[in-house]
Amino acid sequence: MKGRGVVTEDFKALRVISEGPVLRVQLDSPETGNAVCGTLLDELLTVLHALEDAPEIRVLVLSGRGADFCLGGDRREFAELLAADAGGSGLRAVAGKARRVCDALSKVEAVTIARLHGGVIGAGLALALFCDLRAGADNCRFRMPELALGMPPAWGGALPRLLHETGAARIRELILTGDSFDAAKAAELSILHKVVAEDELDEVIQQWTKPMVRRSPVALRTAKVMLNAYSGAHRLADATLFDAELMTSVLTAAEAGRGR
């Protein structure tokens, strides 16, 4: 993934373009609302792991093609995985990939920026949360619908990240009610750092990116490591390691109940 120009990997669910020190990664399944499926997670892991050998990339910008950034997990794939294996091994594998993607997003040395518009739902919100900076269009709508779908809020280890960045009282309400909220509310909750009209999003990203690519790469990497370390210092143990098991257990139990 070194050098300039278009990255030529044959991705099915992503569009990846390298512009010198900036890597643009776009979720590229607009016909599904850029739903998060196993293929998308595999491809994101490929990109994020490749960055380990590409220190020249200073900034990664994550966006979505079409009307929405991401409308959440691929529920059709969830159903197919459970139909193929009622024990949930396939679903558990996908949930494990989600955890690894979110972990890699937070730990990758490049500064990560989420460029958000339209629907930012469930798993899509989780992907955005693990980015360092988040800019959203004023047409964004957010929702955590897991309980309404019969699932626990256990995707990718996002819940503690959300609680830490936003605060438990407000997030408790949004998870338990499943209420949607707009970009202004997301900014109030610190989910968004900037809110602008959609046609101004690229300008905001450029304003953030321009000084970052001029920084000392060592200083930039060290600053990110320090921020991650200090923000996680309050956690004595990482309970999110159980997220894949929790989600799989609830969904397999629900499926078994329907089959009686």
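The values are calculated or read from the model by the stated rules, or taken from the named source; none is laboratory data. From a predicted model like this one, the values you see are computed outputs, not experimental measurements. In this analysis, Cβ positions are derived from the backbone assuming ideal geometry, glycine residues included, and neighbour counts consider all displayed protein chains. Note: accessible area is taken over every heavy atom of the protein model, side chains too, but ligands, DNA and RNA are not part of it. Shrake-Rupley method; radii C 1.70, N 1.55, O 1.52, S 1.80 Å.
Of the solvent-accessible surface of the chain, computed with a 1.4 Å probe over protein heavy atoms with every protein chain present, carbon and sulfur atoms account for 54 percent. When +1 charges are put on Lys and Arg Cβ atoms and -1 charges on Asp and Glu Cβ atoms, the dipole computed for the chain relative to its Cα centre reaches about 540 debye.
Site pair ALA79 and HIS164 shows an inter-label distance of 3.6 nm when each label is modelled 7 Å from Cα along Cα→Cβ.
Candidate cross-link partners of LYS194 among the aspartates and glutamates, defined by an alpha-carbon separation under 19 Å and a same-chain spacing of 8 or more, comprise ASP68, ASP132, ASP138, GLU165, ASP182, ASP202, GLU203. Spin-label pair HIS49-GLU31: with each label point 7 Å from Cα along the Cα-Cβ axis, the two points sit 2.8 nm from one another. One Cα centroid belongs to the stretch 90-119, the other to the stretch 121-178; the line between them spans 13 Å. If the reach is capped at under 18 angstrom between alpha carbons, list the lysines near LYS107, excluding any in the same chain fewer than eight residues apart. Result set, ordered by chain and number: LYS97, LYS224.
Charge dipole of the stretch 1-124 (Cα centre as origin; +1 on each Lys and Arg Cβ, -1 on each Asp and Glu Cβ, all else neutral): 260 debye, rounded to the nearest 20. Rounded to the nearest 10 degrees, the inclination of helix 243-258 to the longest alpha-carbon principal axis of the chain is 30 degrees. Judged by the ratio a/c of the largest to the smallest principal axis of the C-alpha gyration tensor, the stretch 130-170 counts as oblate, that ratio being 1.5 or greater while a/b is no larger than b/c.
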